[in-house]
1. Taking 35 Å as R0, compute the FRET efficiency from the Cβ-Cβ separation of residue 90 and residue 62 and round it to 0.05.
2. Using the structure shown, list the pairs from 40/77; 32/77; 32/91 with a Cα-Cα distance above 21 Å, or answer none.
Amino acid sequence: MINKVNPFQLTTQPTQIQLKTNSLMDNTSTSKTSFADSLKQAINQVNQSQIESDKMTEALATGKNVELHDVMITAQKASVSMTLAVEVRNKAIEAYQEMMRMQV
């Protein structure tokens, strides 16, 4: 009989695959970051690019010595990073909804 799968169930014993993965990670000496940390860092980078774009635009509007092409490049970078963040969010929501539609 097939056991019901509980996605929130924590196991106390690591599986063989996890042991192999951990031993490979130790050999390559890479730092482990959680998904939440990676997501938080990516959102902070998008926010920082938006703030930088706002500062450059404000500097241009107030007549400070800022080149127009630098302002436009910064604004375009901020726009592209925001578009990417929105598309990644849309794909994550779509994947979640697709998983919820699956029959067990």
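1. FRET efficiency, residue 90 to residue 62: 0.45.
2. The pairs that break the limit, which is 21 Å between Cα atoms, are 32/77; 32/91.
Each value in this text was obtained by applying a stated rule to the coordinates, not by laboratory testing. Given the structure is predicted, the values throughout are model-derived calculations rather than measurements. Here the Cβ is made from the backbone with ideal geometry for all residues, glycine too, and neighbour counts use every protein chain on show.
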